[in-house]
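Here is the structure we will look at.
The values are calculated or read from the model by the stated rules, or taken from the named source; none is laboratory data. Every value quoted in this text rests on a predicted model; they were computed, and no experiment measured them. Note that we place each Cβ from the backbone using ideal geometry, even for glycine, and neighbour counts take in every protein chain shown. These area figures cover heavy atoms from the full protein model, side chains too; ligands, DNA and RNA do not enter into them. Shrake-Rupley method; radii C 1.70, N 1.55, O 1.52, S 1.80 Å.
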Amino acid sequence: MALGGLALAIGWTQFVARLRLKRPGAHRLLGKVYVGAVLLSGLAGVYVGFFATGGVIAASGFVSLGISWLYTTASAYRLIKSRRLEEHRLMMTYSYAACFAAVTLRLWMPVLIYALGDFISAYRIVAWLCWLPNLGVAYFISRRQLQARELVPS
């Protein structure tokens, strides 16, 4: 699971245009490290998700998160190998949104425990709340990027 922290720590650098443009080798290397970290951490997350506190509701939330993270990252990797850069960038937005669930879980959990007064209820909710809204934000970011590119004449 520590590799998830590594993915979170380096993932944001992949969105820095200056790094991508001026140091493409560093961008590729960090991208490979990110994909490797996600592969191992995502698989571990899916496995551990089956044993989550809170029963089937929490387990299904965390397993779904792990599957989504693995799928979006694998898709982004496949897209870059096919030289489909724009689609790769969009899919990496979704991948990092899933990765960022580690942060949003920690932000939501104390709020939910306080609001509900019960750890188990809060945990069942946070298993979904830590990542689904993140994917919604990624959708709006991606949509905005696509709309901006459509406005630019070729």
Hey, Gly31 more than 21 Å from Val137 (Cβ to Cβ), of a type outside the set (A, V, I, L, M) and within 14 Å of the chain's Cα centre (by Cα) or not: yes
Candidates Tyr71, Tyr123, filtered to the one that is aromatic (Phe, Trp, Tyr) and under 11 Å from the mean Cα position of the chain (by Cα): Tyr71
Output for the range 85-101, where each listed residue is in contact (Cβ under 8 Å) with a residue 40 or more places away in the chain, open to solvent by less than 40 Å² (accessible area, probe 1.4 Å) and closer than 17 Å to Arg28 by Cβ: Met92, Ser95, Tyr96
Close pairs (9 angstrom Cβ cut-off, 6 or more residues apart or separate chains): touching a residue at least 12 places away in the same chain (Cβ under 8 Å) and farther than 13 Å from Ala74 by Cβ in the range 13-42, open to solvent by less than 90 Å² (accessible area, probe 1.4 Å) and not in a helix (DSSP H, G or I) anywhere: His27/Val16
Residue within the range 67-74 that is within 21 Å of Ile125 (Cα to Cα), out of contact with any Gly (no Cβ under 6 Å at 6 or more places or on another chain) and either surrounded by 15 or more Cβ atoms within 10 Å (Cβ to Cβ) or among the charged types (D, E, K, R) (or both) present: yes
Number of the condition not met by Ser82 [criteria: (1) in contact (Cβ under 8 Å) with a residue 12 or more places away in the chain; (2) more than 15 Å from the chain's Cα centre (by Cα)]: (1)
Sole residue being open to solvent by 40 Å² or more (accessible area, probe 1.4 Å) and either farther than 16 Å from Gly5 by Cα or assigned to a helix (DSSP H, G or I) (or both), chosen from Val63, Val111, Val38: Val111
